[in-house]
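Asker: Once you've had a glance at the structure underneath, I'll fire off some questions.
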């Protein structure tokens, strides 16, 4: 592989195409009789990744850019409504290819994880809250790191020390972080079954004797900062720099991948927009891992349209 955006797009296309050939059950459902799509599912996934990578939050602007600059990669580009409809139906495929890329890195077997949640704001006006299709899923919540209330969802993320997403979930803003973490591990028991001595670093919200016992039964040792009234833990001074890793990953999602600037207004629309940002981060780490880059997580100037130095490093 070479280290530029075109080679990343080509590598992701080949990886997705191979996955669909080896596992045709992952192909999004479509009627047996009808017009065959001119944009393949592998091209659709690649196009979605590039949109997130280049920082286009508006589909209209994205397609204007793609038609002007990306015809050498995508000879056919669909109309915006068809693109959005196919993306929503391809949400499970995006999850599958994201996991396939993560497993194909040297970071997947890391024995230390970090966990945190970050707000995904979905609206600010009262009228939006009253009329939104997200009502019942999105909730009012509080973001302690920014000292503000918001209406929307929370992205719960477990990642390695290099920022590779391992598990994630999108819930209401007031959902208990501990219950969500246990549910993520229950939904994918192989994550813990294959790692009998995993270390998990969390913040002060991941507390409780029963909670820690449940993690211990899964073979996970929890490390977190001391809460008020608790004795100082040995080595607790090391938590701060390690905790900053997950904060840095969240900042990558928000500052570079525009996590909170999604235009989603339905549950399916919000979910697939979050998924393609996770795919973009995972694809960049996967590509850097295979090209031998020293820094594997995406970094500054992610929106630059000259991606050699910006998107992959």
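Asker: At a 10 Å Cβ-Cβ cut-off, how would you order 122, 143, fewest neighbours first?
Answerer: Listing 122, 143 from fewest to most nearby Cβ atoms yields 143, 122.
Asker: Of all DSSP beta bridges in the range 112-260, what percent run antiparallel (nearest 5)?
Answerer: If we restrict to bridges inside the range 112-260, about 75 percent are antiparallel.
Asker: How do 120, 27 line up, fewest other C-beta atoms within 10 Å first?
Answerer: In increasing order of surrounding Cβ atoms, one gets 27, 120.
Asker: A further question follows. Cut-off 10 angstrom, C-alpha nodes, Gaussian network model of the chain. Which of 32, 284, 271 fluctuates the most?
Answerer: Of the options given, 32 has the highest mean-square fluctuation.
Asker: From the P(r) of the range 1-128, could you give the percentage of C-alpha pairs in the tail past 19 Å?
Answerer: Beyond 19 Å sits 59 percent of the P(r) for the range 1-128.
Asker: Here is a follow-up. Once the mean 1/r over all distinct Cα pairs of the range 186-233 is inverted, what Kirkwood radius in angstroms do you read off?
Answerer: Roughly 11.6 Å, rounded to one decimal.
Asker: Relative to the present Cα-Cα distance, how much length would full extension add between residue 32 and residue 209 at 0.36 nm per residue of separation?
Answerer: Stretched fully, the residue 32-residue 209 segment lengthens by 58.4 nm.
Asker: Ok, one more. Cα atoms only, the range 29-77: Rg and Dmax in Å?
Answerer: When restricted to Cα atoms, the range 29-77 yields Rg and Dmax of 12.2, 36 Å.
Asker: Right, something else. For the residue pair residue 148 and residue 6, what label-to-label distance in nm results when each label sits 7 Å from Cα along the Cα-to-beta-carbon direction?
Answerer: Between residue 148 and residue 6, the simple spin-label model gives 4.0 nm.
Asker: Kindly provide log₁₀ I(q)/I(0) values, in the same order as q = 0.10, 0.12, 0.16 Å⁻¹, from the Debye equation applied to equal alpha-carbon scatterers of the range 112-260.
Answerer: Taken in order of the listed q values, log10 I(q)/I(0) reads -0.37, -0.54, -0.92.
Asker: Continuing with the same structure: For residue 135, project a label point 7 Å along Cα to C-beta. Then give me every residue of the range 253-268 with its amide nitrogen under 18 Å of that point.
Answerer: Under cut-off, by backbone N: 265-268.
Asker: Going by how many other Cβ atoms sit within 10 Å of their own, how do 5, 101 line up, fewest first?
Answerer: With the fewest neighbours first, 5, 101 line up as 5, 101.
Asker: Can you figure out the FRET efficiency of residue 69 with residue 99, using R₀ = 51 Å and their beta-carbon distance, to the nearest 0.05?
Answerer: 0.95
Asker: I would also like to ask the following. Count the DSSP beta bridges whose two residues both fall in the chain, then state the antiparallel fraction as a percent rounded to the nearest 5.
Answerer: Once the DSSP bridges in the chain are tallied, antiparallel ones form about 75 percent.
Asker: Can you tell me what the convex hull of the Cα atoms of the chain projects to on average, as an area in nm²?
Answerer: Projected area, direction-averaged: 17.6 nm².
Asker: Now, a different point. Run the quick spin-label model on residue 247 and residue 106: label points 7 Å from Cα toward the beta carbon, then report their separation in nm to one decimal.
Answerer: Here the modelled spin labels are 2.9 nm apart.
Asker: Right, another one. Given 0.36 nm per residue, what is the gain on full extension from residue 293 to residue 124 after removing their alpha carbon distance, in nm?
Answerer: Net length gain for the segment: 56.8 nm.
Asker: Let me have the 222 nm mean residue ellipticity of the chain computed from DSSP H runs of 4+ only, each contributing -39500 (n - 2.57), with the sum over all residues rounded to the nearest 500.
Answerer: Computed ellipticity for the chain at 222 nm equals -13500 deg cm²/dmol.
Asker: Continuing with this model, one more query. For the pair residue 25/residue 183, report the inter-label distance in nm, with labels modelled 7 Å from Cα in the Cβ direction.
Answerer: 2.5
Where a number appears in this text, it was derived from the coordinates with a stated rule and is not lab data. Bear in mind that the values here come from a model prediction, so they are computed numbers and not experimental data. Cβ sites come from the backbone with ideal geometry, for glycine too, and all protein chains shown count toward neighbours.
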